Amino acid sequence: MSYIKEELQTVQCDNCQDAYQDDDSGYGWWMDPGDAWESANNDGWTYEDDKHYCKRCHHYNDEDELIINNERTKRAD
């Protein structure tokens, strides 16, 4: 038997740093970054100003402006 090394992709929230995991399958890694984003986007994640936000870290107000949940913000030390 042989083993090969593969690189896998996921999407990480730029606010809370959580990695995306599909709600239905529990799967969190893809071979292609586009497939990872498509799945995350379909589950309520958003992308704005070159940043990804999970569905727990954002919402849109009545003027369709992105609001970030600062209570979930994690900063790298």
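Solvent exposure of the chain, expressed per residue, is 78 Å² of accessible area, with all protein chains present and a 1.4 angstrom probe. Distance between the modelled labels on residue 64 and residue 4, one decimal in nanometres: 4.5 nm (7 Å Cα→Cβ projection).
Summing +1 for each Lys or Arg and -1 for each Asp or Glu among the other residues whose beta-carbon sits under 11 angstrom from that of residue 9 gives -4. For the chain, the longest principal axis of the Cα atoms and the long axis of helix 33-42 meet at an angle of about 40 degrees. Think of each Lys and Arg Cβ as +1 and each Asp and Glu Cβ as -1; about the Cα centre, that makes the dipole of the chain roughly 440 debye.
Using DSSP to define loop residues, name the GluC sites (Glu not before Pro) in the chain whose beta-carbon has at most 10 other beta-carbon atoms within 10 Å.
On the way: sites: 6, 7, 38, 48, 63, 65, 71; in loops: 6, 7, 63, 65.
Qualifying residues, ordered by number: 6, 7, 63, 65.
Each of 49, 22, 62 has its accessible area taken with a 1.4 Å probe; listed largest first, they run 62, 49, 22.
The values are calculated or read from the model by the stated rules, or taken from the named source; none is laboratory data. Everything numeric here is computed off the predicted structure, so don't read it as measured data. Note that we place each Cβ from the backbone using ideal geometry, even for glycine, and neighbour counts take in every protein chain shown. Each accessible area value is taken on the protein alone, full model and side chains, heavy atoms only, with ligands, DNA and RNA left out. Shrake-Rupley method; radii C 1.70, N 1.55, O 1.52, S 1.80 Å.
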